[in-house]
1. Residues Tyr153, Tyr128: which one is within 15 Å of the chain's Cα centre (by Cα) and among the hydroxyl-bearing types (Ser, Thr, Tyr)?
2. Does region 175-204 hold any residues that are open to solvent by less than 80 Å² (accessible area, probe 1.4 Å), in a helix (DSSP H, G or I) and not charged (D, E, K, R), and which are they?
3. Filter region 6-34 down to the residues that are free of Cβ contacts under 8 Å to residues at least 60 places away in the same chain, of a type in the set (A, V, I, L, M) and buried (at least 17 other Cβ atoms within 10 Å of the Cβ) and list them by number.
4. Quick one: Gln3 ticks every box in (1) modelled with pLDDT of 95 or more; (2) under 30 Å from Val145 (Cβ atoms); (3) surrounded by fewer than 17 Cβ atoms within 10 Å (Cβ to Cβ); (4) of a type outside the set (A, V, I, L, M) bar one, so which box is it?
5. Could we say that Thr177 is of a type in the set (Ser, Thr, Tyr) and farther than 26 Å from Leu107 by Cα here?
6. If only one of Asn46, Asn81, Asn113, Asn123 is surrounded by fewer than 16 Cβ atoms within 10 Å (Cβ to Cβ), closer than 27 Å to Thr21 by Cα and either β-branched (Val, Ile, Thr) or out of contact with any helix residue (DSSP H, G or I) (no Cβ under 6 Å at 6 or more places or on another chain) (or both), which one is it?
7. Of the residues Ser19, Ser27, which is among the small types (Gly, Ala, Ser) and more than 25 Å from Thr91 (Cβ to Cβ)?
8. Any idea how many residues of region 155-174 are assigned to a strand (DSSP E or B) and polar (S, T, N, Q)?
Amino acid sequence: QIQLPDGSKVVLNADSKLSYTTDFGESTRKIQLKGEAYFEVTKNPNKPFEVYTDHLVVTVLGTSFNISAFEGQQIEEIALNTGKVKIQPLTASEASPVSSYLEPGELASFDVNSHEIDISRYNRMDPYGWKDGRIVFHNATFQEVIEVLSRWYNVKFEVTGSLNRDWSYGSSFDNATLKNVLESLKFSEKIDYELNGSVVKLKL
């Protein structure tokens, strides 16, 4: 957890980086994010709070929201808890010519390839439950599950075999150990695993 010079608070997820200039809060409030973070922004109508990812700029005055924008991620997500935010692609296109606005309880999914923004409702704290130790999967593919667990537990996966079906995995874990998660996957998805230090061997 980080407290910014303007009093705003940020919780960073694993494998995430936040950067800002030394004069932050004096004339502007601009943040660069790589990864995922939950923001609680101190209200200041004269100085909008701007978060830049590789593809978007999210502008707020005072609100709480989550941004997921890891490098290589095809979909960047912004989930609004309280307040209101404006979302604007850094590169305008026919698919996203104007800004989009979110209301509390809404989730914006931005496709970095098509530049399309899809807005939907989300369930409870699912998009930002990670800050309280909760991992939530909704219709997740095998690759998505592996990427989340790799970041969360700081491990490397070695996979043998091949998938014989498409994954649409859904589950949630509260402050679970890696072994508990792997045991759940073994039971529900019929896979074998071997945990050796920071390496997890999966046999499909």
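The values are calculated or read from the model by the stated rules, or taken from the named source; none is laboratory data. Please read these numbers as outputs of a predicted model, since none were measured by experiment. In this analysis, Cβ positions are derived from the backbone assuming ideal geometry, glycine residues included, and neighbour counts consider all displayed protein chains. Accessible surface is based on the protein model in full, side chains and every heavy atom, while ligands, DNA and RNA are left aside. Shrake-Rupley method; radii C 1.70, N 1.55, O 1.52, S 1.80 Å.
1. Details: Tyr153 fails: within 15 Å of the chain's Cα centre (by Cα).
Step by step, each of Tyr153, Tyr128 is checked, and only Tyr128 is within 15 Å of the chain's Cα centre (by Cα) and among the hydroxyl-bearing types (Ser, Thr, Tyr).
2. Matches in region 175-204: Leu178, Val181, Leu182, Ser184, Leu185, Ser188.
3. First, pick out the residues of region 6-34 that are free of Cβ contacts under 8 Å to residues at least 60 places away in the same chain: 6-10, 12, 16-34.
Checking which are of a type in the set (A, V, I, L, M) leaves us with 10, 12, 18, 31, 33.
Residues satisfying the conditions are Val10, Ile31, Leu33.
4. Against the list (1) modelled with pLDDT of 95 or more; (2) under 30 Å from Val145 (Cβ atoms); (3) surrounded by fewer than 17 Cβ atoms within 10 Å (Cβ to Cβ); (4) of a type outside the set (A, V, I, L, M), Gln3 comes up short only on (2).
5. Values: of a type in the set (Ser, Thr, Tyr): yes; farther than 26 Å from Leu107 by Cα: yes.
Yes: the conditions hold for Thr177.
6. None of the others qualify; the one that does is Asn46.
7. Numbers: Ser19 fails: more than 25 Å from Thr91 (Cβ to Cβ).
Just a single option satisfies the conditions, and that option is Ser27.
8. To start, the set of residues in region 155-174 that are assigned to a strand (DSSP E or B) comprises 156-160, 169-174.
Checking the rest, the ones that are also polar (S, T, N, Q) come to 160, 171-172.
Matching residues across region 155-174 total 3.
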